[in-house]
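Let me begin by presenting the structure, written as structure tokens, before commenting on it.
The values are calculated or read from the model by the stated rules, or taken from the named source; none is laboratory data. Just so you know, these numbers come straight off a predicted model, no measurement behind them. All Cβ positions, even for glycine, are placed from backbone atoms using ideal geometry, and neighbour counts span all protein chains on display. Just so you know, the surface numbers come from the protein's heavy atoms only, side chains and all, with ligands and any DNA or RNA stripped out. Shrake-Rupley method; radii C 1.70, N 1.55, O 1.52, S 1.80 Å.
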Amino acid sequence: AAGLWTVFTLGGVGSKASAQLEQCSPLASQSLLLLLVLANLTDTPDSPNPYRQAIMSFKNTQDNTAFSSSNPHAFQINFNSLYTALCDQQKSDQATLLLYMLLHQNSNVRTYVLARTDIENLV
């Protein structure tokens, strides 16, 4: 399995940071991997992926607009905490993939990140 993972990470690119993340917080690392797998399961017209729907629709807790619960998978999260955590973990391939997915699939996260004045921390 380790050899296969090395192939997927292009010969170990980022593997040192991933190993450091796993040593520091193995439960967080495994949870992030599980979230990524669940969110990327295929959708069908009959049964859409609830994890992907939740990733695409969550909102900021600090947003002043009313929170509508029409979507059964909708929830709120503090975007400032999320942004800080993603900035701190950008040496991890998993965190970078989560950021990519959030920026492309959740317009609320994309708007928040683009409005930040300290975006260089993320880059």
Inset, instruction - Enumerate the pairs (first residue in the range 73-93 and more than 16 Å from L32 (Cα to Cα); second residue anywhere and in a helix (DSSP H, G or I)) with beta-carbon separation below 7 Å, excluding pairs fewer than 6 apart on the same chain, so at least 6 apart or on different chains. - result: H73/P50; H73/Q53; H73/A54; H73/S57; A74/S57; F75/A54; F79/V109; F79/Y112
Legend entry - Residues (outside any loop (DSSP other than H, G, I, E, B), open to solvent by 80 Å² or more (accessible area, probe 1.4 Å) and more than 15 Å from L99 (Cα to Cα)) located in the range 45-67: Y51
Inset, instruction - With the condition kept exactly as written, say whether any residue in the range 13-26 is at pLDDT 80 or above, within 24 Å of L114 (Cα to Cα) and open to solvent by 70 Å² or more (accessible area, probe 1.4 Å). - result: no
Inset, instruction - Return yes or no: is T42 under 22 Å from S31 (Cβ atoms), without any contact (Cβ under 8 Å) to a residue 60 or more places away in the chain and exposed (fewer than 11 other Cβ atoms within 10 Å of the Cβ)? - result: yes
Inset, instruction - Output the number of the condition that A66 fails; it satisfies all remaining conditions of (1) touching a His at 6+ places or on another chain (Cβ under 8 Å); (2) at pLDDT below 80; (3) of a type in the set (A, V, I, L, M). - result: (1)
